[in-house]
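Below is one structure, written out as structure tokens; the observations come after it.
The values are calculated or read from the model by the stated rules, or taken from the named source; none is laboratory data. The model shown is predicted, which means the values in this text are computed figures rather than measured ones. Cβ placement follows ideal geometry from the backbone for every residue including glycine, while neighbour counts extend to all protein chains displayed. Just so you know, the surface numbers come from the protein's heavy atoms only, side chains and all, with ligands and any DNA or RNA stripped out. Shrake-Rupley method; radii C 1.70, N 1.55, O 1.52, S 1.80 Å.
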Amino acid sequence: MAETVIEVRGLRTQFGPHVVHDGLDLDVRRGEILGVVGGSGTGKSVLLRAITGLVTPAAGRVRMLGTDMQDAREAELDALAARIGVMFQDGALFSSLTVRENVETPLTTLSHLDAETRESLARLKISLAGLPWSAGDKYPSELSGGMRKRAGLARALALDPEIVFLDEPTAGLDPIGAADFDELIRGLSTALGLTVFLVTHDLDTLYATCDRIAVLAEKRVLVTGTLDDMLEVDHPWVRAYFQGPRARAARGEEIATPPADA
Ligand SMILES: Nc1ncnc2c1ncn2[C@@H]1O[C@H](COP(=O)(O)OP(=O)(O)OP(=O)(O)O)[C@@H](O)[C@H]1O
């Protein structure tokens, strides 16, 4: 079995009295695309932020790429940060910088790179994310939503990460743009051996890209498994989500239409 690159044990996160996760365990394996799903407010984004060190857990442990994050020194956390990439829901680009400058930002941490090499690497990542060369000279406000997402992905890929975290990458995209993005993620994962932690509500994305699914409910990871495994899970939310009409459509099953005179 593939190496575990993220190991979460007994995670508790809370904001004041509001407990989001309690006793949450999760393993992510090298090279897989793990889809993280759950109802609105179940803590998918907070889990992504807790694993990437942007939210401090109230209890529990996160071990990523061999580093115990709660015991690590600052230098170790910096080294770890260079091995992961994060794409936030809105792209989180700096509006006053061009796309190229945005993608160059993480590269400035590599002091041995001169400006010309930084620019070439940024351009490479921009085209890897499926954007035309010319997009590098544009400001985020000059791009469509789909292009902004690709720019966010290019920035997440800037440092050749081993793991990328994607928070609802297809939200707000039209179905064709979303399908293109799914293909891009799958292609990058295969070509680069990337591990992908993918938070999504999008059933089509799950079916098109994910190797495994983790379902968040009741403050923890309720179940993990393949999409086929999800059909066997006897839990009201899991049943409604994976056996509802949208899931059936995503699987390509025919949906029975009521007779005209019904
Ligand atoms: N910085 C914060 N301060 C206080 N509460 C927060 C903060 N961030 C998130 N929360 C709360 O934590 C809970 C989980 O939020 P999160 O954004 O992770 O949900 P989600 O599962 O990603 O939801 P959605 O599917 O709607 O995006 C919510 O109740 C949210 O209000």
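May I ask you to compute the full-extension gain from ALA59 to SER96, defined as 0.36 nm times their residue separation minus their alpha-carbon distance, rounded to one decimal in nm?
9.5 nm
Between HIS201 and ARG30, what length comes free when the chain is fully extended (0.36 nm per residue of separation minus the Cα-Cα distance, one decimal in nm)?
59.3 nm
Given labels modelled 7 Å from the Cα in the Cβ direction, how far is it in nm from THR190 to GLU116?
Once both label points are built, they end up 3.7 nm from each other.
Between ARG239 and ARG73, what is the label-point separation in nm under the 7 Å Cα-to-beta-carbon projection?
Placing both labels 7 Å along Cα→Cβ, they lie 5.4 nm apart.
For segment 1-88, which GluC sites (Glu not before Pro) pass both filters: DSSP loop (anything but H, G, I, E, B) and at most 12 other C-beta atoms within 10 Å?
GLU3
For a Förster distance of 22 Å, can you work out the FRET efficiency between the beta-carbons of ASP160 and ASP137, rounded to the nearest 0.05?
0.40
Note down the accessible area of SER96, probe 1.4 Å, to the nearest 10 Å².
90
Dipole magnitude of the chain about its Cα centre, charges +1 at Lys/Arg Cβ and -1 at Asp/Glu Cβ only, in debye to the nearest 20?
In debye, rounded to 20, the chain gives about 380.
GLU7 to GLU183: FRET efficiency via 1/(1 + (r/R0)^6), r the Cβ-Cβ distance, R0 22 Å, to the nearest 0.05?
0.15
Which FRET efficiency value, to the nearest 0.05, is calculated for THR109 and ILE176 with the Förster distance at 51 angstrom and r the Cβ-Cβ distance?
0.90
Determine ³J(HN,Hα), in whole Hz, for all residues of segment 34-51 in sequence, where each value follows from phi through the Karplus function 6.51 cos²θ - 1.76 cosθ + 1.60 and θ = phi - 60°; x replaces Gly and Pro.
Result, rounded to whole Hz: 9, x, 10, 10, x, x, 4, x, 6, x, 5, 5, 5, 5, 4, 6, 5, 5.
Please work out the Cα center distance from segment 125-181 to segment 1-58, rounded to the nearest Å.
First find each Cα centre; the distance between them is then 24 Å.
What net charge do the residues around GLU162 carry, taking every other residue with its C-beta under 9 Å from that of GLU162, with Lys and Arg at +1 and Asp and Glu at -1?
Net of charged neighbours comes to +1.
Taking 0.36 nm per residue of sequence separation and subtracting the Cα-Cα distance, how much length would be gained by fully extending the chain between VAL223 and SER40, in nm to one decimal?
So the chain would gain 64.2 nm between VAL223 and SER40.
Using the Cα centre of segment 97-160 as the reference point, and only Cβ charges (+1 on K/R, -1 on D/E), how large is the resulting charge dipole? Debye, rounded to the nearest 20.
340
Can you give the calculated 222 nm mean residue ellipticity of the chain, where each DSSP H run of n ≥ 4 adds -39,500 (n - 2.57) and the sum is split over every residue, rounded to the nearest 500 deg cm²/dmol?
-10500 deg cm²/dmol
Which of the listed residues, ALA58, GLY136, LEU231, is farthest toward the dipole's positive end in the chain, when Lys, Arg count +1 and Asp, Glu count -1 at the beta-carbon?
Of the options given, the answer is ALA58.
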